[in-house]
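Asker: Take a look at the following structure, please.
Only the coordinates and a few stated rules stand behind these numbers; no lab work does. Note that the structure is a prediction, hence the values are computed from the model and not measured. With ideal geometry, Cβ positions are generated from the backbone for all residues, glycine too; neighbour counts draw on all protein chains shown.
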């Protein structure tokens with residue numbers, strides 16, 4: 001964004017905003033990058049064959065980023081279809097087929113390797129911002145080269161949403177090599193854990209028993225090396241496990257969020273905010289599994305068999321005691337875990353109810369105060385809090401019982417092994433060193449078993465969350481990519497509604513039933529009717545938010561079900577009944593509708609909405625940042641007009657208004673009507689309104705009653721019918 005979006009409004013934009021403005025205005029020559037990585041963006045895109053700047057590229061830029069680093073640059077490229085892989089070595093030895101790439105040298109210089117021809121390579125120097133041809137033997141930089149793979153759909157085939165039945169399993173498969181390394185490291189750690197008891201046995205039986213001190217220094221040296229190796233392996237394992245956990249947490253969070261945004265609106269908008277937050281909260285158990293101790297338990301558990309085998313070799317039948325205890329843990333788990341799951345489900349439900357009520361309280365505290373409902377509301381919260389505390393107490397009790405049982409079983413096993421081992425020592429079938437080693441090995445067997453037993457409920461919750469993630473990722477989305485469906489350009493604005501029917505669920509009455517009408521280009525059509533008659537539903541069908549279940553909607557003669565859903569919505573300016581503005585500047589909020597809009601475009605849109613002077617009157621103009629309390633800080637009419645201005649940013653000839661008079665004061669309403677008269681004849685306008693002053697501006701009025709067309713015709717006649725119905 002320019003430092004000056006208006007003559008008297010100065011603002012210090014972020015690096016991402018400066019880059020977006022340079023791309024938007026195709027003025028990269030005058031752009032002063034804040035980092036060499038931002039300077040690399042266009043050169044690497046040009047080398048990759050990206051010939052034009054579009055909204056997908058600008059939308060991939062980080063939001064409010066003051067500094068674009070290597071991670072941000074790679075994320076931008078992966079968002080538009082180019083995945084990168086690091087290759088370590090000399091840049092001049094990179095194979096020509098791997099070009100282009102980005103080199104980050106060991107001395108922190110950044111270059112774009114554009115192409116390689118025989119002994120010459122073409123390089124873009126991000127520090128000096130120049131492109132030059134250099135002989136390979138003179139380009140001696142060594143470092144990390146990031147080479148790119150084009151993930152775009154080829155051969156003209158539209159992208160498809162082909163997700164396997166086990167999305168989470170496929171995600172885990174991507175980390176197969178790292179997981180294999182983790183098991184290998186754990187194997188080394190357990191070998192050391194196995195050698196230590198054997199070392200103790202040798203000390204007791206061979207050194208102390210035989211009074212042979214000559215071998216002691218050698219044994220101590222060997223065990224010292226093994227302990228150091230154990231520490232190194234544990235450190236490396238923690239590092240790799242942390243990297244896997246962080247990466248999986250990031251991928252799960254980003255991909256599930258992307259999936260939720262890509263679902264058809266009908267699948268999500270009728271769920272409460274609290275319910276959707278609760279669903280996302282459940283996915284945290286997957287993250288906790290990889291970032292907590294449970295992942296280490298899973299890595300350690302397979303090696304229990306190894307320790308049992310060694311115990312059997314040392315003690316013979318005594319190994320049956322810990323083996324029987326393994327089955328004992330399983331039996332007790334089958335007995336107690338179902339009850340624990342019921343307690344956990346009750347606790348989770350109570351916790352969700354409490355969270356839901358808190359969200360409702362914060363959202364509606366003004367209404368609670370205005371009706372004097374504090375006492376009733378406080379009593380409801382007291383009951384919900386009591387249920388949450390009691391359910392947590394019940395869960396705590398059964399967890400304590402399981403913990404006590406597990407500890408008792410572990411103690412009984414140790415005492416039993418000690419007793420049986422003591423008898424074997426007395427009978428001469430076992431040495432004292434072997435008994436001590438066996439006791440140490442028994443603890444190595446029982447410790448992961450006890451941890452697994454106590455964490456079983458968490459494992460089950462993790463498995464349920466994985467199943468829910470798979471179900472979410474299998475749900476059909478609106479589009480797999482921007483090439484899915486027909487893209488339309490230069491709309492004329494002719495709309496034909498042909499016997500459209502729609503219902504929200506099988507249990508509800510139809511919201512629309514056989515609605516038919518035409519809207520000519522440049523015509524203003526008003527839709528009126530009582531609450532629940534289907535007015536807003538009809539607008540959402542026209543805008544592509546919903547799909548008609550019966551009949552068809554044609555836009556310039558094309559069934560909208562054939563159109564790309566995203567491009568359809570971007571081609572229509574839709575102003576919903578409730579204005580929603582997001583954290584960011586006014587300019588950023590307006591550009592949500594069209595990120596390619598220049599400063600002049602957003603000023604023109606504000607002028608069309610009649611709000612330009614009000615915005616420029618603010619201390620920072622279009623760069624004024626809106627926050628969560630904007631609804632309390634600014635008049636409703638201003639926010640409503642700002643929402644209308646945001647819709648005008650899209651280059652469109654079709655405008656949909658859903659109750660535009662809501663929350664508008666008299667002055668704002670007069671201004672809106674004046675703007676409506678200016679748009680009339682130039683845009684196709686469909687407006688839902690109950691105000692006679694708005695209806696009189698229409699060329700044609702459609703009256704809906706219980707989802708069906710009651711009247712279609714002149715405004716005055718429609719107003720008369722409305723008045724008669726109300727009386």
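Asker: Give the angle, between 0 and 90 degrees and rounded to the nearest 10, that separates the Cα long axis of helix 70-79 from the longest principal axis of the Cα atoms of the chain.
Answerer: 60 degrees
Asker: Nearest 10 degrees, 0 to 90: what angle lies between the long axis of helix 15-24 and the longest principal axis of the chain (Cα atoms)?
Answerer: Around 50 degrees separate the two axes.
Asker: Rg/Rh for region 495-726: what does it come to with C-alpha atoms and Rh from Kirkwood?
Answerer: Result: Rg/Rh = 0.97.
Asker: Summing -39500 (n - 2.57) over the DSSP H runs of n ≥ 4 in the chain and dividing by its residue number, what mean residue ellipticity at 222 nm do you reach, to the nearest 500 deg cm²/dmol?
Answerer: So the helix-based figure for the chain works out to -17000 deg cm²/dmol.
Asker: Can I ask one more? Quote the relative contact order of the chain in percent (integer), defining contacts as alpha-carbon pairs under 8 Å separated by 6+ residues.
Answerer: Relative contact order for the chain comes out at 13 percent.
Asker: What nm value, rounded to one decimal, do you get for the distance between residue 379 and residue 561 when each label is placed 7 Å out toward the C-beta?
Answerer: Going from the residue 379 label point to the residue 561 one covers 5.2 nm.
Asker: So what's the angle, to the nearest 10 degrees on a 0 to 90 scale, between helix 432-454 and the longest Cα principal axis of the chain?
Answerer: The helix 432-454 is inclined about 20 degrees to the chain.
Asker: Return the distance in nm (one decimal) between the two label points of a simple spin-label model at residue 29 and residue 504, each offset 7 Å from Cα along Cα→Cβ.
Answerer: 5.6 nm
Asker: Something else: For 40, 683, what ranking results if the residue with the fewest other Cβ atoms within 10 Å of its Cβ goes first?
Answerer: 683, 40
Asker: Hey, another quick one. Distance from the Cα centre of region 358-434 to that of region 307-326, in angstrom?
Answerer: A separation of 31 Å, based on Cα centres.
Asker: Related question: Arranged by the count of other C-beta atoms within 10 angstrom, fewest first, what order do 185, 590 take?
Answerer: 185, 590
Asker: Could you tell me how far the Cα centroid of region 654-727 sits from the Cα centroid of region 90-143, in Å?
Answerer: After rounding, the separation between the Cα centres reads 63 Å.
Asker: Using the count of nearby Cβ atoms within 10 Å as a rough guide to exposure, how do 711, 530 rank from fewest to most?
Answerer: 530, 711
Asker: Right, another one. Using the alpha carbon gyration tensor of region 33-150, what are the three equivalent-ellipsoid semi-axes (square root of 5 times each eigenvalue), largest first, in whole Å?
Answerer: Equivalent ellipsoid semi-axes, largest first: 23, 15, 13 Å.
Asker: List the relative contact order of region 33-150 as a percent without decimals, with contacts defined as Cα pairs under 8 Å and 6+ residues apart.
Answerer: With pairs under 8 Å counted, the relative contact order is 29 percent.
Asker: Just need the relative contact order of region 495-726 here, percent rounded to a whole number, with Cα pairs under 8 Å and 6+ apart.
Answerer: Relative contact order for region 495-726 comes out at 29 percent.
Asker: Once you have the Kirkwood Rh of the chain from its Cα pairs, apply Stokes-Einstein at 10 °C and 1.306 mPa s and quote D in µm²/s.
Answerer: Translational D for this selection: 50 µm²/s.
Asker: May I pose another question? Convex hull volume of the Cα atoms in region 624-727, per residue, in Å³?
Answerer: 144 Å³
Asker: Let me ask another. Taking 0.36 nm per residue of sequence separation and subtracting the Cα-Cα distance, how much length would be gained by fully extending the chain between residue 178 and residue 106, in nm to one decimal?
Answerer: 23.4 nm
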